[in-house]
Amino acid sequence: MSAEPRINDRIRVPEVRLVGPSGEQVGIVPLAKALELAQEYDLDLVEVAATARPPVCKLMDYGKFKYESAMKAREARKNQAHTVIKEMKLRPKIDPHDYDTKKGHVVRFLKQGDKVKITIMFRGREQSRPELGYRLLQRLAEDVQELGFIESNPKQDGRNMIMVLGPHKKKTEAMAEAREAQAARKAGRSGEAPADDADSADSAIDDAAAVQSEAQAQADA
């Protein structure tokens, strides 16, 4: 069955409950009268509630209505946000510089509204010291508590210990703030590289650093 509503001559009922072009209630009128009014206003008669008795019809510019509906649907899809789970891997005896780097990535992920899966990788005798991993996870959670919270408490999974951090802000809120920040930077930058390009470059550098750190950690394991 077609999802398109019936319009004009395709409407086959003796009378309709008519709604005017501004949303005003005209009342129940014969179909012929409703079609006559549509011609007078140079609009379409559109059936908006086919199951009502009598069906409800509205006077509108159907072509414009379809265009605006398509634009709204497109904007909704554009703004639709999906929470992504990022992953960050650490070693229980990570050095301070590497820790700060990894924490920086976690901060960025949480600011973007994404969840972060933190994995502590144990090697050799480290497996007999799970408290090292637990303390490291707790430290990281405390360091980013303004941006995220512990969604899944630390738990041992074979040679690894895993914890999941959730962002305080929803993905849609994070995206809205990012757009506002970009607009502010564009307004304040005259003759410099566009904010979008700068942001993309920063993000690419951060992602490359994250991949390199994770690859090194896996090689160590």
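Observations on the model:
- Per-residue extension of 0.36 nm, minus the Cα-Cα distance of ALA3 and ASN153, leaves a gain of 49.3 nm for this segment.
- Exposure check, 1.4 Å probe, all protein chains in place: THR51 carries approximately 130 Å² of accessible surface.
- Across segment 124-138, rounded Karplus estimates of 3J(HN,Hα) from the backbone phi angles (6.51 cos²θ - 1.76 cosθ + 1.60, θ = phi - 60°) give x, 5, 4, 5, 8, 10, x, 5, 5, x, 4, 5, 5, 5, 5 Hz, Gly and Pro being marked x.
- Two-site FRET efficiency, GLU36 against LYS169, from Cβ-Cβ distance with R₀ of 45 Å, rounded to 0.05: 0.25
- Peptide packing: for 160-171, 107-118, 125-136, the average count of neighbouring Cβ atoms within 10 Å per residue gives the ranking 107-118, 160-171, 125-136, highest mean first.
- Average accessible surface for segment 48-151: 61 Å² per residue, computed with a 1.4 Å probe over protein heavy atoms with every protein chain in place.
- Scattering curve values for segment 1-151, log₁₀ I(q)/I(0), Debye with Cα scatterers, q = 0.11, 0.20, 0.21 Å⁻¹: -0.59, -1.13, -1.20
- For a straight C-alpha distance cut-off of 26 angstrom, the lysines reachable from LYS64 (same-chain residues fewer than eight places away being disregarded) are LYS33, LYS72, LYS78.
- Carbon and sulfur %, accessible surface of segment 1-70 computed with the full protein complex present, 1.4 Å: 54 percent
The values are calculated or read from the model by the stated rules, or taken from the named source; none is laboratory data. From a predicted model like this one, the values you see are computed outputs, not experimental measurements. FYI the Cβ positions are ideal-geometry reconstructions off the backbone, even for glycines, and counts take in every protein chain you see. For accessibility, only protein heavy atoms count, side chains too; no ligands or nucleic acids. Shrake-Rupley method; radii C 1.70, N 1.55, O 1.52, S 1.80 Å.
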